[in-house]
Amino acid sequence: MIPRRAQEYYVLGIDGGGTKTLSLLADNTGKVIGRGVGGPSNLHQVNAAELRAALRDSLRSALSTGACFPGRLAAVHAGLAGTEAAGGEKRRQVQEIIQETLTAILEPAGSSKSAIPVVLTSDIVIALVAGSHARYGLVVISGTGAVVYGEGRAGQQAQVSGWGRFIDSDGSGYGIGKAALRAAFRSYDGRGPHTLLEELIVEEWRLNSLRELLQHVLQKEPAVEEIASLAKVVGRAAEAGDQTSVDILTTTSKQLLEGVLTVARKLNLREQQFPVVLSGGILSKVDLVATQLIRGVREQLPLANPLRLQAEPATGAVTLALEMARNGICFENTPLGGM
C-alpha cells in the first residue's frame, strides 16, 4: 500500500474503442511517460478473452516503456466503449479483468499484491474530460457512430443518440456513408441531381461502375466501417463544390446541433457558460461539419464555448486517475472500482 503522503506515484489512463486500446502511464505531475496499444476493447464487440488480450498488450507496453517502479501504481481509470450500456455485474467483471491483467504484469517485477483501484467509465466521459479538463459540459463525438453527452455541475447526466446504427445513425460517419450511397444511385438512375459521388465512390472502392458496386454489395454486405469511410469521399466532393455532398454534410451538422441543444436543455445549461468538446474522426477530418456545428452552437447557445479536441481522449482518463490519487481514493481500502 502506498503511503497517503507519497510524493511519487504513477497512474494509468485507458481509452478502449472499436479499433484499438490505448493505455497511457503518467507520473504524479500528469506527464505521460509510457504508452501502449492493444486490440479493440469495445464491450459490445469483444468477449472476455479478447478483452484480456487487448488490455494485456496495451498495459504491458505502457508499463514497460514507462518503467513504472513496482508498487507505485496508484490508480487506474479506464474509459471503454460500451460501458454506458453495461450492467453492474458486467462492469465488475471488466474491472476484475483489468486488475487481474495488471497483477499478472506487475507481480513478476516484485510489485505489491495490493489491489490497485480501478474506475470504469465510458470512452464518452474521458473525451469530455480530455477537452474540458473536468466532468462538466458537453461532448459531441462523431466518428463511425455519433453521440452527444453532457454533465452538469451537480453531476447530473444526459445523453442523446449513440443507440447503434440500426436505431439511429444521425450525425455519424455511417450515416454520411449511407446518404452518399443513396445519392450516388439516385444520380445514376436519374431520380436525383448528378453528383460527383457516383464517380468518387466507385474510385474509392476500386471498382469500375456503380453496377459493379451493386454486385459487390449484394454478394457481401459492406462492414459498418467501410460505409463510414465514405464520409471522407463526401468531404472531398463537397470541397470540389458538389452540392449534394454539401447538403449531406449540412444535414449531419444540423443533426449534431440538435443533439447539443437537447442535452443543454436537459441539463439546464442554456443560460450558463459551458464547454462543448468536439471529438471523433468526422469532426476532426471533415471540416464543413465541424465549422457549421461550431457556428450553430455559437448562434443558439451564445454562452457555450465550442472547441475541437486537440488531445488524445486517453489523456482524460489520466486526468481522472490523477484525481483519484490526489483525493486519496487509491490510498484507502475502497471497494473495487470506487464507483
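The values are calculated or read from the model by the stated rules, or taken from the named source; none is laboratory data. Not measured: the values here are computed from a predicted model. Note that each Cβ is placed from the backbone with ideal geometry, even for glycine, and that neighbours are counted across all protein chains shown.
Given the condition modelled with pLDDT of 95 or more, charged (D, E, K, R) and out of contact with any strand residue (DSSP E or B) (no Cβ under 6 Å at 6 or more places or on another chain), answer yes or no: does some residue in segment 5-27 qualify?
Scanning segment 5-27, I find no residue that is modelled with pLDDT of 95 or more, charged (D, E, K, R) and out of contact with any strand residue (DSSP E or B) (no Cβ under 6 Å at 6 or more places or on another chain), so the answer is no.
Return the total of residues in segment 115-160 being over 18 Å from GLY259 (Cβ atoms), buried (at least 24 other Cβ atoms within 10 Å of the Cβ) and out of contact with any strand residue (DSSP E or B) (no Cβ under 7 Å at 6 or more places or on another chain).
2
Within the set of pairs 6 or more residues apart or between chains, which connect a residue that is more than 18 Å from VAL119 (Cα to Cα) inside segment 15-35 to a residue that is of a type in the set (Gly, Ala, Ser) and part of a strand (DSSP E or B) with Cβ atoms less than 9 Å apart?
Correct list of pairs: LYS20/GLY38; VAL32/GLY13; VAL32/ALA26; ILE33/ALA26; GLY34/SER23; GLY34/ALA26; ARG35/SER23.
Give the residue, chosen from VAL148, VAL129, that is assigned to a strand (DSSP E or B), more than 18 Å from TYR9 (Cα to Cα) and among the hydrophobic types (A, V, I, L, M, F, W, C).
Selected residue: VAL148, the only one of VAL148, VAL129 that is assigned to a strand (DSSP E or B), more than 18 Å from TYR9 (Cα to Cα) and among the hydrophobic types (A, V, I, L, M, F, W, C).
Would you pick out the residues in segment 240-285 that are free of Cβ contacts under 8 Å to residues at least 60 places away in the same chain and on the phi > 0 side of the Ramachandran plot?
Answer for segment 240-285, where residues must be free of Cβ contacts under 8 Å to residues at least 60 places away in the same chain and on the phi > 0 side of the Ramachandran plot: just GLY241.
Being over 17 Å from the mean Cα position of the chain (by Cα), in a helix (DSSP H, G or I) and surrounded by fewer than 18 Cβ atoms within 10 Å (Cβ to Cβ) is the filter here; which residues of segment 262-291 pass it?
Residues satisfying the conditions are THR262, ARG265, LYS266, ASP287, THR291.
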